[in-house]
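The values are calculated or read from the model by the stated rules, or taken from the named source; none is laboratory data. Just so we're clear, the structure is a prediction, and the values are computed from it rather than from any experiment. Note: ideal-geometry Cβ built from the backbone for every residue, glycine included; neighbour counts use all protein chains shown.
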Amino acid sequence: MTRRMHIAALGLLFGVTVPAVSAKDPGPNSSVLSPVVLASQRPGLRPVPPAESPTKPHRPGELDCGNCHVGKHQGVLQMYLGMGGRGTPMIPSHMFQVRVECVACHIVPKEPEHAAGIVGQTFRPTEQACLECHGDRYRGMLDRWATTLGKMRDVLAPKLRGAREALAKTDPKHPELGRARRLVEDAAFNVEFVALAKGVHNVFYAADLLKVANGWLDEAVKLLGGTPGVTDDSLVRGGYCGVLCHEQAGVKLPETVTFAKQKVPHGRHVTEFGAVCTNCHSAEVHKAVTATPATCSSCHHSPQNERCESCHRKQAAFYRGETETPLASMEPNVMAAAVGCSGCHDVTKPHSRKNMGQQCLACHDPGYLAFLEEWTTGFDALVAKAAKVLKEAEAAVEKARRAGGKVPEGEMLLKEARTAFDLVKSARGAHNPTAAEALLEVARRKAEEAVAQAARR
């Protein structure tokens with residue numbers, strides 16, 4: 001079943017008809033569907049049967065309130081259904097999907113009973129309706145939704161003004177003027193739609209519309225040759241999930257999560273790296289993960305990212321001689337004070353030795369490449385030698401253990417050798433060749449001593 005068919009089926013529960021549309025995709029800048037039609041005078045109640053035609057009808061237009069008063073609530077209803085905005089797929093309200101009707105939340109009568117019989121009745125929403133279903137932990141949730149959406153619109157207001165000013169100042173012959181104007185118009189439509197249709201009726205759809213509008217406004221300014229204004233727009237860019245619901249409902253952000261078989265510092269991505277929820281999670285489906293390994297690389301290994309040490313702490317500490325180990329004396333790499341990570345690592349290219357060598361030419365003459373080849377080849381030989389002796393030591397200690405002999409000294413030496421070797425491998429010895437060679441020598445020597453200890457048993 002397509003999303004549109006799903007919405008149409010759900011709409012029947014509310015007495016709402018979703019009109020048929022062309023099979024052609026209306027595109028991100030259309031209003032998705034034509035206006036819905038209410039089948040009842042009050043949502044959630046049985047449709048009122050049509051009145052019989054009077055035998056003597058009034059003159060055309062006489063006593064027809066609709067000539068002046070139009071109250072369709074169509075924008076509000078579209079918001080609840082998760083459609084009507086621009087650039088965002090249909091995202092039905094979670095409450096709509098579980099058949100929550102309008103009268104479940106709008107339970108406070110606006111007019112007293114005696115006045116309602118004269119002017120009609122309208123029911124206002126109340127937080128008490130939330131608490132009756134969700135419990136006390138949802139106290140304040142409705143107000144938080146309204147406040148957060150207001151803050152998001154406040155972030156967009158100066159951006160919208162700036163984009164409109166840029167349009168006004170742009171040469172009419174600018175090749176990107178038409179596209180920029182459409183982007184600004186669509187962004188303005190979404191902002192107004194969220195305000196007038198009351199985004200609290202479908203808070204995540206509303207937030208997604210504002211997120212899309214934020215991106216469009218920045219894109220429009222760039223198309224016109226400008227630079228988007230510097231502002232803290234993390235809330236609008238996709239950081240709204242936690243603010244809208246999780247914090248109020250007491251949902252704790254896990255410090256780490258497993259992704260692609262690796263532990264990822266989930267909390268630090270938000271608090272330290274500036275990531276927002278929708279960088280990795282779907283805005284449409286709750287908890288769904290949309291990130292891929294390519295998503296990670298596009299951020300972590302982008303030319304704009306200069307925070308390598310935030311993740312590669314072990315390598316950075318080794319480079320700066322700050323690794324704490326009793327196995328060898330640690331001194332900084334001779335280049336540590338002058339060359340940062342991007343001085344050797346071009347993140348736009350694979351980290352092959354050939355590509356790394358080309359980075360050296362920014363400071364060294366071409367003859368340095370021959371030295372680099374000789375040094376890295378020699379270092380590979382040291383690693384291979386230490387690995388070979390370490391394997392022999394492990395086999396010797398295991399053989400002595402199986403023979404019933406106790407080799408505590410050998411086991412301790414083997415453990416220290418393994419620690420030194422693993423440190424070089426994990427921190428990447430090339431980040432500090434002098435320290436790496438010293439640790440490999442420790443690993444080789446202690447492994448040989450472990451073999452000797454095992455032979456005595």
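For segment 305-319, the set of residues classified as at pLDDT below 75 and closer than 16 Å to Lys349 by Cβ consists of Asn305 only. Please tell me if Glu398 is of a type outside the set (Phe, Trp, Tyr), free of Cβ contacts under 8 Å to residues at least 24 places away in the same chain and closer than 30 Å to Cys308 by Cβ. No; evaluated as a whole, the condition is false for this residue. Residues that are at pLDDT 75 or above, surrounded by 14 or more Cβ atoms within 10 Å (Cβ to Cβ) and over 18 Å from Leu372 (Cα atoms) within segment 338-351 comprise just one, Gly340. When Thr258, Thr295, Thr325 are checked against the criterion of being modelled with pLDDT of 70 or more, closer than 24 Å to Asp232 by Cα and out of contact with any Lys or Arg (no Cβ under 7 Å at 6 or more places or on another chain), a single residue qualifies: Thr295. Across segment 348-398, the qualifying residues are those that are outside any loop (DSSP other than H, G, I, E, B) and in contact with a His (Cβ under 8 Å, 6 or more places away or on another chain), and the one among them that is nearest to Val442 (Cα to Cα) is Met356.
Quick one: would you say Thr325 is within 18 Å of Ala427 (Cα to Cα), outside the structural domain of Ala443 (by TED's automatic domain parsing) and over 37 Å from the mean Cα position of the chain (by Cα)? Yes: the conditions hold for Thr325. When Val424 is tested against the conditions (1) aliphatic (A, V, I, L, M); (2) surrounded by fewer than 18 Cβ atoms within 10 Å (Cβ to Cβ); (3) modelled with pLDDT of 80 or more, the lone failure is (2).
In the condition set (1) assigned by TED's automatic domain parsing to the domain that holds Glu219; (2) modelled with pLDDT under 90, Pro158 is compliant with all but (2). For segment 365-411, a residue qualifies if it is surrounded by 13 or more Cβ atoms within 10 Å (Cβ to Cβ), of a type in the set (Val, Ile, Thr) and either touching a Pro at 6+ places or on another chain (Cβ under 8 Å) or over 18 Å from Ala435 (Cβ atoms) (or both), and the qualifying residues are Val389, Val397, Val407.
Flag: Ala168 matches the condition of being part of a helix (DSSP H, G or I), without any contact (Cβ under 8 Å) to a residue 12 or more places away in the chain and of a type outside the set (Val, Ile, Thr). Go through the residues of segment 352-360 one by one and say whether even a single one is farther than 24 Å from Glu309 by Cβ, out of contact with any Ser or Thr (no Cβ under 9 Å at 6 or more places or on another chain), charged (D, E, K, R) and surrounded by 13 or more Cβ atoms within 10 Å (Cβ to Cβ). Scanning segment 352-360 turns up no residue that is farther than 24 Å from Glu309 by Cβ, out of contact with any Ser or Thr (no Cβ under 9 Å at 6 or more places or on another chain), charged (D, E, K, R) and surrounded by 13 or more Cβ atoms within 10 Å (Cβ to Cβ).
Among residues of segment 404-427 that are assigned by TED's automatic domain parsing to the domain that holds Asp380, those with a Cβ under 8 angstrom from a residue that is aliphatic (A, V, I, L, M) and outside any helix (DSSP H, G or I), sequence gap 6+ or separate chain, pair up as Glu416/Leu327; Thr419/Leu327; Ala420/Leu327; Ala420/Ala328; Leu423/Leu327.
List the number of the failed condition for Leu131; all other conditions in (1) in contact with a Lys or Arg (Cβ under 7 Å, 6 or more places away or on another chain); (2) of a type outside the set (S, T, N, Q); (3) surrounded by fewer than 14 Cβ atoms within 10 Å (Cβ to Cβ) hold. Exception for Leu131: condition (3).
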